[in-house]
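First up is the structure itself, then whatever we jot down about it.
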Amino acid sequence: MLKAELHTHIRGDPIDTFIRYSAYSLIDRAAAQGFQVLAITCHDYIYQDIKAKNYAREKGILLLQGMEMTLQGKHTLIYNITPEQAGSVKTFADLQRLKERHADILVIAPHPFHYTSTCLDDIILKYPDLFDAWEYSFFYTRVLNPNQKTLRLARQLGKPVIGNSDVHDLSDLGRTYTLIDAAWTEKAVIEAIRKKKVQVATEPLTSGEMARILGRMAYTMLQRRLNL
């Protein structure tokens with residue numbers, strides 16, 4: 001089983017400009033925690049660095065190319081997409097057509113039923129074939145857990161569920177992750193996710209951890225407003 005984190009952000013993210021750590025620091029932290037698969041998914045930006053990919057491989061990590069695209073005002077995780085392909089996508093229908101032409105593209109619904117306006121919510125039900133998997137987000141407590149709706153509907157529709165920590169701070173890494181039953185190749189990992197050969201490993205946040213992260217989110221939103 002490969003230990004995987006498929007939702008991370010790094011310095012240079014066009015939206016989350018407060019992030020200070022590099023891809024290399026993220027890779028080092030992931031290697032120290034025993035991760036074998038990692039994806040960097042900046043907002044509306046595809047991080048491409050062959051040196052980082054090779055560095056990750058030396059550390060025993062398969063580094064996947066991806067992005068968190070803002071599509072019709074909603075966030076969507078996309079992997080194995082090129083900048084040229086991303087530039088052609090303006091709607092979910094566009095993404096559906098692109099995915100039909102390129103079978104190696106993987107699409108995941110991040111934190112679909114959480115409470116911000118960028119969450120997909122019922123859009124994932126309108127495009128059931130578009131999303132290969134739904135995300136079980138680290139952002140929950142024992143008392144408040146929007147992931148329960150994700151799990152319930154995923155079971156009803158037979159959709160795979162993977163765990164991610166939506167890393168914006170290195171301390172977030174490892175809170176929630178996925179174990180993937182696959183060989184250590186991009187093709188095998190993508191195929192295993194689609195075939196539901198995955199397990200979610202997760203622990204709820206404490207109230208203190210939730211408060212700290214909410215404070216960070218509020219600070220980020222203020223930064224965005226001031227930059228407008």
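Read-outs: derived from the displayed coordinates by stated rules, not from any lab. Computed from a predicted structure; not experimentally measured. Cβ placement follows ideal geometry from the backbone for every residue including glycine, while neighbour counts extend to all protein chains displayed.
Diagonalising the gyration tensor over the Cα atoms of the range 81-228 and scaling each eigenvalue by 5 before taking the square root yields semi-axes of 26, 21, 16 Å, largest first. Maximal additional length on extending the Y115-Q156 stretch stands at 12.6 nm, based on 0.36 nm per residue less the C-alpha distance. The modelled label-to-label distance for the pair D49/A93, using points 7 Å beyond Cα in the direction of Cβ, is 3.9 nm.
Taking 0.36 nm per residue of separation and subtracting the Cα-Cα distance, full extension of the segment from K149 to K197 would add 15.2 nm.
Residues whose amide H falls under 5 Å from that of V167, counting only those 5 or more places apart or on a different chain, are H7, T8, H9, with hydrogens built in the peptide plane. Placing a label point 7 Å from the Cα of H102 along the Cα-to-Cβ direction, the residues of the range 72-92 whose backbone N falls under 18 Å from that point are 72, 76-92. Length available on full extension from D181 to E209: 0.36 nm per residue minus the Cα-Cα distance, which gives 7.0 nm. In the chain, the DSSP beta bridges split such that about 55 percent are antiparallel, to the nearest 5.
Taking the average, over residues, of other Cβ atoms within 10 Å as the packing measure, peptides 38-50, 207-219, 152-164 rank 38-50, 152-164, 207-219 from highest down.
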